[in-house]
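This report concerns only the one structure given below.
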Amino acid sequence: MAGKVLTERYETLSRQIAQTVADQLKAKPTSCFGLPTGQSPKGCYKLLGAWSKALELNWEKASCFALDDYLEAEESITFQTFLEDNLYCHTNLSGDRRFNPRFVDDYDDLIASRGGLDLTLLGIGANGHIAFNEPGTPLESWTHCIWLTESTRDSNKRYFGSNVTVPHRGITMGIRTILESKSLILVASGNNKKRALERALAGPVDPSIPASFLSLHPNVTVLKDFN
Ligand code: F6R
């Protein structure tokens with residue numbers, strides 16, 4: 001991977017990522033952000049929410065694009081609801097600037113019409129997925145619907161009540177959508193990501209580890225909280 005790979009405590013890496021988002025927003029108020037859900041970005045969103053509530057950040061002209069979401073899922077468990085609860089509701093980002101691929105016919109056209117993604121945050125799945133691009137996703141993929149692998153459904157069970165079935169399908173930005181972003185930050189939190197990240201960083205590009213495609217991007221930073 002051409003970019004930096006840094007190892008930090010979770011609190012430290014969350015602060016660094018939040019600071020990068022804040023700097024981007026201040027330098028370019030009309031910035032477009034690609035945003036993941038899950039445990040990995042939660043610390044960063046908490047800080048961004050606090051800084052926004054303290055009126056240190058102005059999201060009025062920014063646009064945020066969820067990376068992915070479940071299909072056929074109860075609203076309360078969707079990624080959009082996660083982003084609303086963990087970030088958007090603490091900011092002054094208006095409702096018509098909170099985008100989600102479930103509600104847009106051509107997500108890639110919309111992103112392009114807004115000037116493209118400036119900064120995209122990513123998590124990594126234990127199977128090497130980025131967004132919901134599961135192993136086997138081709139490089140030339142744009143926003144598309146997918147079937148979730150059993151390993152992803154299994155690892156996401158922790159976010160669902162015991163009587164709720166994890167959805168089988170989702171919609172996600174493609175690998176090409178992600179690589180078009182001007183800069184990328186991958187946050188890998190949790191030892192269960194270690195093997196996938198090692199394979200992604202070792203190269204060469206391998207569709208069975210979708211995160212390995214990131215080595216094709218000139219401006220990617222990886223932050224991990226394990227050795
Ligand atoms: C979710 C997403 C996924 C997660 C990944 C890691 O929007 O893009 O790729 O980033 O599954 O999830 P956590 O951080 O919960 O371990």
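Quick notes on this structure:
- Rg/Rh for the stretch 1-58, where both radii come from Cα atoms and Rh is the Kirkwood radius: 0.98
- The value given for the stretch 97-227 is a Kirkwood hydrodynamic radius of 15.3 Å, derived from the mean inverse Cα-Cα separation.
- Nearby aspartates and glutamates by direct alpha-carbon distance to LYS182 (threshold 18 angstrom, same-chain neighbours under 8 apart not counted): ASP23, ASP108, ASP109, ASP118, GLU140
- Average Cα contact separation per residue, the stretch 122-220, under 8 Å, 6 or more apart, as relative contact order %: 39 percent
- Residue-wise HN-Hα coupling along the stretch 211-227, computed from phi with Karplus coefficients 6.51, -1.76, 1.60 (Hz; x: Gly, Pro): 5, 5, 5, 5, 5, 7, 9, x, 9, 10, 10, 10, 10, 10, 10, 9, 9
- Cα gyration tensor, the stretch 108-151 - rounded (a/c under 1.5), prolate or oblate: prolate
- Only Cα pairs under 8 Å and 6+ residues apart enter the sum, and on that basis the relative contact order of the chain stands at 28 percent.
- Sorted by Cβ neighbour density within 10 Å, fewest at the top, the residues VAL21, VAL220: VAL220, VAL21
- Over the chain: helical MRE at 222 nm, DSSP H runs n ≥ 4 each giving -39500 (n - 2.57), nearest 500: -8500 deg cm²/dmol
- Principal semi-axes in Å for the chain [√(5λ), Cα gyration tensor, largest first]: 23, 21, 18
- Spatially proximal aspartates and glutamates relative to LYS61 (Cα-Cα < 12 Å; intrachain offsets below 8 disregarded): ASP96
- Spatially proximal lysines relative to LYS157 (Cα-Cα < 25 Å; intrachain offsets below 8 disregarded): LYS42, LYS46, LYS193, LYS194, LYS224
- Across the stretch 1-61, the mean sequence separation of Cα contacts (distance under 8 Å, 6 or more residues apart), normalised by length, yields a relative contact order of 45 percent.
- Listed peptides 160-168, 189-197 by packing density, highest first (mean Cβ within 10 Å): 189-197, 160-168
- Residue-normalised convex hull volume from the C-alpha trace of the stretch 140-214: 112 Å³ per residue.
Every read-out reported here was derived from the displayed coordinates using simple, explicitly stated rules and does not represent laboratory data. On a predicted model such as this, the values are computed, not experimentally measured, just so you know. Quick reminder, even Gly has a Cβ in these numbers, built from the backbone with ideal geometry, and neighbours come from all protein chains shown.
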